[in-house]
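*Asks:* Okay, here's the structure, questions in a sec.
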Amino acid sequence: MFCPKCGTKNPETGKFCRTCGTDLANISAALSGNLSARLAGSAAANIQHKAGRSSDPNELYGEAIKQILTGIGFLVVSIALLTTGVAGGHAWWWAMLFPAFGCLGKGVSDYLKSKKIEKQQLAFGAQAQASLNQPGANASLPSPQTQYVAPESPYKTGDIVPSSVTDGTTRHLEINPEGKTMTLPKTEK
């Protein structure tokens with residue numbers, strides 16, 4: 001593959017250009033046919049990077065379940081303190097509601113975010129695939145298989161190659177009998 005910035009030939013699996021350092025990952029993905037999946041993943045990663053979280057909706061879903069279960073646990077402890085009165089629970093059972101509802105709210109929020117990310121990945125992947133299938137969308141990309149075309153030479157075997165353009169325009173230095181170069185005689189103008 002060739003770098004789009006400097007034109008240097010790079011290996012097909014290269015991530016960065018050898019000469020200028022340009023990121024070639026999208027070009028590799030386009031040539032292998034995985035561009036839509038890569039773009040969908042990078043869009044979700046960009047969304048989650050802004051939030052400072054993982055871009056994997058499965059990780060976010062797991063975090064949501066953990067928060068919801070923790071919130072339910074605090075609710076159970078709060079109700080147990082209210083009904084049994086253990087350790088003076090009748091007086092402070094309500095304080096356990098703060099972490100309970102905080103964890104429940106965070107869990108529901110994470111669950112909704114994971115579903116939103118899944119929808120965005122699916123929509124972005126479908127949109128990228130549709131844009132790649134449009135005629136003329138890939139006109140700037142070279143075809144994945146190029147054929148070598150041998151240049152046709154105007155000279156046939158045995159023909160004499162014409163002299164160089166610079167022949168006759170440069171002066172050659174003379175060599176003395178000792179094999180050293182002599183200076184050219186000065187010509188008068």
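*Asks:* Need the failing condition index for G14 against (1) over 30 Å from A123 (Cβ atoms); (2) at pLDDT 80 or above, just the number.
*Replies:* Result: G14 fails condition (2) only.
*Asks:* Residues that are at pLDDT 90 or above, farther than 22 Å from A126 by Cβ and either hydroxyl-bearing (S, T, Y) or buried (at least 18 other Cβ atoms within 10 Å of the Cβ) (or both): does the range 31-54 have at least one?
*Replies:* Checked the range 31-54: no residue is at pLDDT 90 or above, farther than 22 Å from A126 by Cβ and either hydroxyl-bearing (S, T, Y) or buried (at least 18 other Cβ atoms within 10 Å of the Cβ) (or both).
The values are calculated or read from the model by the stated rules, or taken from the named source; none is laboratory data. Every value quoted in this text rests on a predicted model; they were computed, and no experiment measured them. Methodologically, a virtual Cβ is constructed for each residue, glycine included, from the backbone with ideal geometry; neighbour enumeration extends over all protein chains shown.
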